[in-house]
1. Just to be sure I understand: if I project the alpha-carbon convex hull of the range 231-318 onto a plane and average over all orientations, what area do I get in nm²?
2. Under 5 Å between amide hydrogens, which residues at least 5 positions from A333 or on another chain qualify, with H placed 1.01 Å from N in the peptide plane?
3. Residue separation times 0.36 nm, minus the C-alpha to C-alpha distance between S110 and V453: what's the value?
4. May I ask which of K348/K473; K443/K473; K140/K214; K84/K422 have a Cα-Cα span longer than 20 Å here?
5. Taking only the alpha carbons of the range 233-382, what extent do you get along each of the three principal axes, in Å, biggest first?
6. Could you compute Rg(Cα) / (2.2 N^0.38 Å) for the range 333-409, with N its residue count?
7. Mind listing the long-range amide H neighbours of G386? Cut-off is under 5 Å, sequence gap 5 or more, other chains count too, H placed in the peptide plane at 1.01 Å from N.
8. Which semi-axis lengths, in whole Å and largest first, follow from the square roots of five times the eigenvalues of the Cα gyration tensor of the range 497-616?
Amino acid sequence: MDAGLTLTTNMALVFALLAFTVLMLVLEWIRADLVALLVIVVIGITRLLPVEQLFEGFAGNAVISLIAVMIMGAGLDRTGVLSKAASFILRMAGGVESRVSLFINAMVGSLSALIQSQALSALFLPVVSRISSRTGLPLKRLLLPMACMILCGTNVTMISNSPLILLNDLIASANRNLPPGAQTIQTFTLFAIAPIGIPLLLSGLAYFALFTRKLLPSDEERQKVTPGRTETYFAETYGIDGDVLELMVTADSPLVGMSVGEIEQLRGAPLILALKTGNEARLAPPADQMIWVGSVLGVLGKRESVNDFANTQLCQVQTRLRNFADLFNPTRAGISEVVVPPNSRWIKQSVGDLRLRKTFGISVLAVNRGDQVFREDVRQVALRAGDTLVMHSFWRDLARAAESRDFVVVTDYPKDEQRPSKIWHAVTFFTLAMGLGLFTDIKLSIAMLVGAVGMLLTGVLNMDEAYGAINWKTIFTLACLIPLGWAMDTTGAAAWIAQEVLRYLGAWPQWGLQAVIAVITLLVAQVVSNVGATVMMVPMAINVALASGGNPAIYALVVAISTSNVFVIPSANPVIMIVTGPGGYRGRDFLRVGIPLTLLMLVVMLVSVNLVFGRG
């Protein structure tokens, strides 16, 4: 690197674009995928990259690999692999809390080496809820360790972690901009980082095995969301209790001519779960559905309160379910809980605007947000990431709505279209993809596509299900941010930052420089996405290595692993955010668990890197 490198206009433009990207990702004034799209447009207009290179990210190895991994993960879930995993955990652990926790953590940590981390957390959330409900173990002491172990295990291979999938593409970009005479930076094969990832995984397992009870003590065990699925649970947690009754609307009732939404605004009104008008009965009637003489309301509430409401509104109470017995059959319908993930389209929308009753036949009974439970006027509540919604619906409607991936279902409910007969097809093609990635020189994207296409051809998934399994927001954000990293390399911006860093830290040993890079990456990853942090930091880390005589591939690896080391701020990592609501965690829980774990992972990573790869 040229020691006299000076700041140019193009470098300044890249820094300004970088600052804007970070600011928007932190403030969330603009959606992350729209920010990424704006970045690629600005890069194209300003000619920071050649136009023919601008859209290569969409067809890059990282993007294709991630799409294939998401499809294969959905295939494993569809065939019941994870349900069998839950049964295996229960059988082996025998209901002993320490064993249950250890088996869960070991299983998700191992699977996270092969399945994309956010998908795995969403898939295992109901599995762990089922285990908690069967054993009576506190969900709070199971979910956060599970999420942390998913993050620890993502560093064993190159396919389950977006930053690691992206890493080889960023290294390839750096190779195009190496100074004359510099040695080409080697990319990483599928299991090349296992000697680093396995110690991280084992350290995490030991950490939670020894300290879970101290980190999440029993005096704070009261759960915001405990998966008992009992009337007592919903009464204690959300104030949703009572019986399901039928109200017949008489000719004299003031409810005649009113809409369902207007009735719900009346003082003392019970929860309206169903409506029969004429011969048509349905769950979750839409708010604009009109009530007429002879209409029958299926309501949930305390018997005395429902009787008082019926007397006031001149309705007849029917104590037996004559009209809705089939609709309220627990094998067909029931109450469920779902969590709003960080990438949901529901964020910032009110419950009423979602029109869940009309679109999916789903009633929202309550919204849980930290210490708050919203039951009154739920339709006006604007949703945030991490909110837990209590719903009532047919199970098939819940499954249909869940395909949108705008929420993660916590409740273990009967799902349609499971294909247990295809389990060996799914396992075979997943194993084949891993084998091709490990034992051949086929590109990772091609190896993963072999597994995904094999599952599609054998009927594990159909094409529509495959499209639904892909988190397009993540894919789009990744593809659009990749050129930002390329622009840092091409303009020399990364080299200039490295020059300034070494001006002050040039005398430090390699492990010290790696530690500095890791800590900076950790701080950046707390406020932007792990993909964004990787794109910003890898070019700089590579240039620091080149200037200091270190191994640039190892510096880049330190960055990619560090971006997964985000345990303190739940909003910084979707895996942690997904369990925040169901586990009823507070800020101090993340500080108590996350700070020591972050330091432990940092030390283990630096020691492992220098022992395995030698001089950094």
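Throughout, read-outs are computed from the coordinates displayed, never taken from laboratory work. All figures in this text were calculated on a predicted structure; none of them were measured in a lab. Reconstructed Cβ throughout: ideal geometry from the backbone, glycine too, with neighbour counts over all protein chains shown.
1. Details: hull surface 21.7 nm².
About 5.4 nm², averaged over all directions.
2. Those lying under 5 Å, H to H, from A333 are W395.
3. On the way: separation 343, 0.36 × 343 = 123.48 nm, distance 2.38 nm.
Separation in residues times 0.36 nm, less the Cα-Cα distance, equals 121.1 nm.
4. Numbers: K348/K473 17 Å; K443/K473 24 Å; K140/K214 13 Å; K84/K422 14 Å.
Going by Cα-Cα distance, K443/K473 fall outside the 20 Å limit.
5. Reported extents, whole Å, longest axis first: 47, 32, 29.
6. Numbers: Rg = 11.1 Å, N = 77, 2.2 N^0.38 = 11.5 Å.
For the range 333-409, the normalised Cα radius of gyration comes out at 0.97.
7. Result for G386 returns V340.
8. Numbers: eigenvalues 165, 41, 26 Å².
With the √(5λ) rule applied to the range 497-616, the semi-axes are 29, 14, 11 Å.
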